[in-house]
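Have a look at the structure below before the remarks.
None of the figures in this text is laboratory data; all of them are computed from the coordinates on show. Just so it is clear, the structure is predicted and the values come from calculations on it, not from any experiment. We place every Cβ from the backbone using ideal geometry, glycine too, and count neighbours over all the protein chains shown.
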Amino acid sequence: MNSSELTRRGFLKIAAISAAGMGGPGICGGRRQDRGPNFVVIFLDDSGWADFQPFGAPVYRTPNVAQLASEGCRFNNFYVPQAVCSASRCALLTGCYPGRTKVFGAHGPNARGCDPKYATIGHVLKTRGYATAIFGKWHIGDQEDTRPWSRGFDESCGLMYSNDMWEFHPENPEHWGKFPLQFWENGRVTIDRVTKEHQPMLTTWYTEHAVDFINRHKDGPFLLYVPHSMPHVPLFVSDRFKGKSGVGLYGDVMMEIDWSVGQIMKALKDNGVEDDTMVIFTSDNGPWISYGNHSGSTPYREAKGTGFDGGTRSACIVKFPGRIQPGIASSRAWCTLDILPTLAHLAGAELPDNPVDGKDVFDLIAGKPGAQNPSDYYPFSTGATFEGVISGDGKWKLHLPHAYRTLVEAANDGKAGKYRQDKIPLSLFDMVNDPFETTNVIEKYPEVAARLKGYAEKHRQMFYAAAQ
Ligand SMILES: [Ca+2]
């Protein structure tokens with residue numbers, strides 16, 4: 001366990017505060033007893049693990065994220081089950097494995113996306129009277145019954161898919177140019193063809209909607225989901241942040257996202273709901289490193305679009321005053337799959353009728369002494385290829401034999417570089433002592449390998465047997 005983990009004493013202190021808060025009638029510590037807390041989920045696109053202080057030490061400044069980390073708990077071992085946009089978002093919003101929903105990779109315009117038979121976190125929280133909103137990139141369906149307003153979100157604005165799926169795509173403009181990149185608001189198209197004049201405003205517009213939503217729903221409870229389009233390429237920034245970092249466009253974009261975080265936190269505070277709101281801040285996958293100076297960074301192996309930790313491990317902060325100890329770093333592993341069941345638990349909501357794969361991990365993330373991760377394993381995959389499992393405690397990672405892309409040469413200034421394909425044999429990594437996945441220890445730990453192979457084989461049989 002990390003030395004900065006919550007101590008039993010610290011946990012009891014928080015538990016005592018919570019218990020005292022629960023004692024009064026009606027409202028306790030700003031929270032009404034008959035309802036759950038508010039939730040804000042800020043989900044970046046392609047931001048690397050080391051893009052923000054205190055995870056990394058970027059040369060640009062991100063004071064609002066640093067403050068969020070000082071007021072919340074920083075999770076160093078937080079995972080997504082697939083390091084690509086649509087699959088990652090679907091896992092967060094449904095709590096289901098990609099192998100279950102079959103939402104893999106990144107979907108294009110008009111895609112069916114996630115089958116409506118899988119409830120979203122919006123549906124689940126609405127059963128408890130939550131107002132729900134998404135302002136940002138949806139990317140789990142672009143048909144009438146798979147867009148946000150059909151999928152549990154009362155209010156919405158943003159893009160239905162990635163901001164590079166347009167006429168200026170660096171590699172395939174002819175294909176993507178056939179489909180206008182549209183900006184939607186509450187079920188209708190308000191910008192039919194997003195241009196280079198509109199893209200610089202995306203971060204601002206999402207933020208303004210988020211602040212307005214908080215202002216109107218301060219009596220709560222609410223779910224505010226802000227999946228930013230940035231820092232996915234093509235990078236754009238508003239005039240206020242152009243050149244601000246002094247280190248190039250990527251730094252400017254990150255400073256604008258940091259500003260957005262500050263605006264949302266200020267809105268919570270101004271409306272008196274800061275203490276009644278759980279904030280989760282993370283990224284859908286690791287950096288798209290072939291874009292060179294338009295990409296973020298990660299200390300872990302490989303990056304976006306692979307099953308290595310450079311793709312699947314995201315920097316994560318959770319702030320929940322009085323419930324999660326502030327200012328600490330935790331090495332406890334968990335995953336976006338767990339967000340739906342954990343928030344459902346906190347809201348007092350039932351899980352949906354469809355199977356949900358994630359688990360309620362609130363005790364684990366709150367640092368309750370003795371709390372164990374209830375999942376034996378988390379799967380990881382790329383596209384439709386199941387690649388292996390990480391043990392629920394985050395200590396061991398088993399790669400099944402699979403191919404993966406690795407960088408040959410990055411390009412800069414919005415152009416894509418080159419990858420080549422490589423292969424990894426059946427491999428076991430000790431993620432505590434070798435977090436960079438360098439040394440295969442499968443011969444040294446045959447019992448651990450057998451246990452993880454058992455999980456992997458079961459997972460393959462359940463979710464990939466028909467395809468493989
Ligand atoms: Ca992404």
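Normalised by the number of residues in the chain, the mean separation of alpha-carbon contacts (under 8 Å, six or more apart) gives a relative contact order of 23 percent. For region 403-468, a Kirkwood hydrodynamic radius built from all Cα pairs, placed in the Stokes-Einstein relation at 10 °C and 1.306 mPa s, yields a translational diffusion coefficient of 107 µm²/s. Taking every Cα-Cα distance in region 239-355 and sorting them into 5 Å bins starting at zero, the pair-distance distribution P(r) comes out as 2, 9, 13, 17, 18, 18, 13, 8, 2, 1, 0 percent.
Here the scattering of the chain is modelled by Debye summation over its C-alpha atoms, one equal scatterer each and no solvent; at q = 0.06, 0.09, 0.10 Å⁻¹ the log10 of I(q)/I(0) is -0.24, -0.55, -0.69. Around the amide H of residue 329, modelled in the peptide plane, lie the amide H atoms of 74, all under 5 Å away and 5 or more residues distant in sequence or on another chain.
With 29 Å as the limit, the listed pairs 178/304; 126/458; 242/415; 395/458 have 126/458 beyond it between alpha carbons. Taking packing as the residue-averaged number of other Cβ atoms within 10 angstrom, the listed peptides 332-338, 299-305 run from highest to lowest as 332-338, 299-305. Since only 99, 109, 62 are under comparison, the one whose Cα sits farthest along the positive direction of the charge dipole of region 33-145, derived from C-beta charges on Lys, Arg, Asp and Glu, is 99. Sorted on the mean count of surrounding Cβ atoms within 10 Å across their residues, most packed first, peptides 204-212, 262-270 read 204-212, 262-270. Placing unit charges on the Cβ atoms only, positive for Lys and Arg and negative for Asp and Glu, gives the chain a dipole magnitude near 700 debye about its Cα centre. Region 40-101 and region 406-447 have Cα centres lying 20 Å from one another. With runs of 4+ DSSP H residues as the only contributors, calculate the mean residue ellipticity of the chain at 222 nm using -39,500 (n - 2.57) per run, divided by the residue total and rounded to the nearest 500. Calculated at 222 nm, the ellipticity per residue is -7500 deg cm²/dmol. For region 416-455, the set of trypsin sites (Lys or Arg not before Pro) satisfying both a DSSP loop assignment and a count of at most 16 other C-beta atoms within 10 Å is given as 444. Based on C-alpha pairs under 8 angstrom that are at least 6 apart in sequence, region 121-237 has a relative contact order of 31 percent.
Contact order, relative form, for region 251-366: 19 percent (alpha carbon pairs under 8 Å, 6 or more residues apart, mean separation divided by residue count). Under a 5 Å amide H cut-off, with hydrogens placed 1.01 Å from N, residue 42 pairs with 226, 280, 281, 282 among residues at least 5 apart or on other chains. Using the Cβ-Cβ distance between residue 242 and residue 67 with R0 set to 35 Å, the FRET efficiency from 1/(1 + (r/R0)^6) comes to roughly 0.90. Counting neighbouring beta carbons within 10 Å and listing from fewest to most, the residues 216, 313, 35 come out as 216, 35, 313.
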